[in-house]
Amino acid sequence: MNQGGQRRFDPTLGPPRVRTNLVWAIAALLICFWPAGIVAVVYAVKARNRLRSGDHVAAIRYSRLAKTWSWIALIVAFVILIGLVIAERGAGSGGTTTLTSAYLTLGRHLLLMGI
């Protein structure tokens, strides 16, 4: 480590392999909770740009942030889905709510939000 606390990479070993997590970020944007997905895509693109410029330390940092925000998008989408299932059961449907109807309810809510 250098004095700034950042790791230095040994040039004789070559640059480290860095995953930008761009695919996961785009999936989080399109499939999961889109606001967190946008943040994930921004960080993934920053990671890709830093990697191309040779700044591997920053690329690793942005890649980790992209992965974190992708997980946040997934968790929030899962919580929303569970909430919709619970709300549908509480609405007097007689406890016959299926996962399919939960997805349809999610679709209705997303359409009402203008997504």
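Please report Ile31, Ile60 as a ranked list, fewest other C-beta atoms within 10 angstrom at the top and most at the bottom.
On the way: Ile31 12, Ile60 18.
Sorted ascending by nearby Cβ count, the order is Ile31, Ile60.
Can you sort Arg64, Arg50, Arg17 by how many other beta carbons sit within 10 Å, fewest first?
Numbers: Arg64 15, Arg50 20, Arg17 7.
So the residues, fewest neighbours to most, are Arg17, Arg64, Arg50.
What does the charge add up to near Asn21, with Lys and Arg as +1, Asp and Glu as -1, over the other residues with Cβ less than 10 Å from its Cβ? Can you show the working numbers first?
Values: positive: Arg19, Arg48, Arg64, Lys67; negative: none.
With Lys, Arg at +1 and Asp, Glu at -1, the net is +4.
For the listed peptides 40-49, 80-89, a ranking on the average number of other beta carbons within 10 Å per residue, highest first, reads 40-49, 80-89.
Using 1/(1 + (r/R0)^6) with R0 = 22 angstrom and r between the beta carbons of Val57 and Ile26, what's the FRET efficiency to the nearest 0.05? Intermediate results must be reported in sequence, preceding the final value.
Working: r = 24 Å, r/R0 = 1.10.
For Val57 and Ile26, the calculated efficiency is 0.35.
Computed from the coordinates by the stated procedures, all read-outs in this text should not be read as laboratory data. Everything quoted here is computed from the prediction, not taken from an experiment. Positions of Cβ are generated from backbone atoms using ideal geometry, with glycine treated the same way; all protein chains shown enter the neighbour counts.
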